[in-house]
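Asks: Could you have a look at this structure, given as structure tokens, before my questions?
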Amino acid sequence: MWLRRVFFGWLIPSAFLLPLWLLVGWAVFNAGGWAFLWVLFLAIPGVFLWQLLLTLLVRARGTVRAHRAVSWWDVLGFTVWQALVVSLGFFAEAWWAPVMVLAIVAGVALFWLALWQLWSEARPSRFVLHTSDGMAYIPPQEERAEAADRDVFIVTEKRTPPAG
């Protein structure tokens with residue numbers, strides 16, 4: 001549970017630190033001018049916005065908010081995607097292009113995973129309900145009284161003429 005809570009706390013800071021790492025990696029590993037343009041105009045805004053979007057989708061789930069912990073699927077997805085983004089910051093020409101493609105595929109897969117989890121959790125269930133803190137319960141069945149067993153009260157309104 002502690003690892004899932006650490007990932008929950010890491011989601012917002014990672015939106016700022018991953019793009020920063022791409023800029024620092026460009027400077028440290030002497031990637032060149034074209035790489036700087038790519039980092040400045042595509043990578044930094046793209047990673048920042050994508051991480052924020054994924055964070056909002058994950059934090060929109062009731063169980064994540066209640067437990068302040070992400071699911072194990074989230075841990076796996078974010079680990080893979082963020083590891084690929086970090087590896088892009090090394091700017092190694094031999095494997096940079098395939099890692100870029102893998103990072104995009106992993107980011108899109110993580111988006112669909114987050115949507116699937118949100119949809120699964122938000123879909124109403126006929127038999128099991130959830131409290132606001134994520135606990136599941138089965139509601140008691142309503143007792144259906146026959147029409148003859150019910151008391152009927154008729155309330156009539158007594159109208160008085162207006163004082164005039």
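Asks: State which residue is nearest to the chain's Cα centre (by Cα) when the search covers only region 93-120 and only residues that are under 17 Å from Trp21 (Cβ atoms) and in contact (Cβ under 8 Å) with a residue 24 or more places away in the chain.
Replies: Result: Gly107.
Asks: From the list Trp95, Trp72, Trp34, which residue is loosely packed, with under 13 Cβ neighbours inside 10 Å and closer than 23 Å to Ser132 by Cα? Explain how you work it out, then say what you get.
Replies: Values: Trp95 fails: closer than 23 Å to Ser132 by Cα; Trp34 fails: closer than 23 Å to Ser132 by Cα.
After applying the criteria, what remains is Trp72.
Asks: Looking at this structure, is Leu49 surrounded by fewer than 16 Cβ atoms within 10 Å (Cβ to Cβ), assigned to a helix (DSSP H, G or I) and in contact with a Leu (Cβ under 9 Å, 6 or more places away or on another chain)?
Replies: Numbers: surrounded by fewer than 16 Cβ atoms within 10 Å (Cβ to Cβ): yes; assigned to a helix (DSSP H, G or I): yes; in contact with a Leu (Cβ under 9 Å, 6 or more places away or on another chain): no.
Here the answer is no, as Leu49 does not meet what is asked.
Asks: Here's a follow-up. Do we find that Leu118 is aliphatic (A, V, I, L, M), in contact with a Lys or Arg (Cβ under 6 Å, 6 or more places away or on another chain), crowded, with 16+ Cβ neighbours inside 10 Å and farther than 16 Å from Trp10 by Cβ in this structure?
Replies: Details: aliphatic (A, V, I, L, M): yes; in contact with a Lys or Arg (Cβ under 6 Å, 6 or more places away or on another chain): yes; crowded, with 16+ Cβ neighbours inside 10 Å: yes; farther than 16 Å from Trp10 by Cβ: yes.
Yes: the conditions hold for Leu118.
Asks: Would you mind stating whether Leu57 is touching a residue at least 12 places away in the same chain (Cβ under 8 Å) and more than 23 Å from the chain's Cα centre (by Cα)? Steps first, please.
Replies: Details: touching a residue at least 12 places away in the same chain (Cβ under 8 Å): yes; more than 23 Å from the chain's Cα centre (by Cα): no.
In short, no.
Asks: May I ask you to list the residues in region 8-50 that are of a type in the set (Gly, Ala, Ser) and modelled with pLDDT of 95 or more?
Replies: Filtering region 8-50 for residues of a type in the set (Gly, Ala, Ser) gives 9, 14-15, 25, 27, 31-33, 35, 43, 46.
Across region 8-50, the qualifying residues are Gly9, Ser14, Ala15, Gly46.
Every residue, every condition in (1) more than 30 Å from Arg123 (Cβ to Cβ); (2) in contact (Cβ under 8 Å) with a residue 60 or more places away in the chain; (3) small (Gly, Ala, Ser), yes or no:
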{"position": "Thr63", "(1), (2), (3)": "no, yes, no"}
{"position": "Ala66", "(1), (2), (3)": "no, yes, yes"}
{"position": "Leu84", "(1), (2), (3)": "yes, no, no"}
{"position": "Phe91", "(1), (2), (3)": "yes, yes, no"}
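Asks: Out of Leu42, Leu57, Leu18, report the one residue that is surrounded by fewer than 16 Cβ atoms within 10 Å (Cβ to Cβ) and in a helix (DSSP H, G or I).
Replies: Leu42
Asks: Determine whether Val85 is surrounded by 10 or more Cβ atoms within 10 Å (Cβ to Cβ), among the β-branched types (Val, Ile, Thr), part of a helix (DSSP H, G or I) and in contact with a helix residue (DSSP H, G or I) (Cβ under 9 Å, 6 or more places away or on another chain). Show your work before the answer.
Replies: Values: surrounded by 10 or more Cβ atoms within 10 Å (Cβ to Cβ): yes; among the β-branched types (Val, Ile, Thr): yes; part of a helix (DSSP H, G or I): yes; in contact with a helix residue (DSSP H, G or I) (Cβ under 9 Å, 6 or more places away or on another chain): yes.
Spelling it out, Val85 is indeed surrounded by 10 or more Cβ atoms within 10 Å (Cβ to Cβ), among the β-branched types (Val, Ile, Thr), part of a helix (DSSP H, G or I) and in contact with a helix residue (DSSP H, G or I) (Cβ under 9 Å, 6 or more places away or on another chain).
Asks: OK, next. Test each condition in (1) farther than 30 Å from Met135 by Cβ; (2) at pLDDT 95 or above; (3) of a type outside the set (Gly, Ala, Ser) for Leu88 and report the one that comes out false.
Replies: (2)
The values are calculated or read from the model by the stated rules, or taken from the named source; none is laboratory data. For clarity, every value in this text was computed on a predicted model and none was experimentally measured. Glycine gets a Cβ as well: all are built from the backbone with ideal geometry, and neighbour counts include every protein chain shown.
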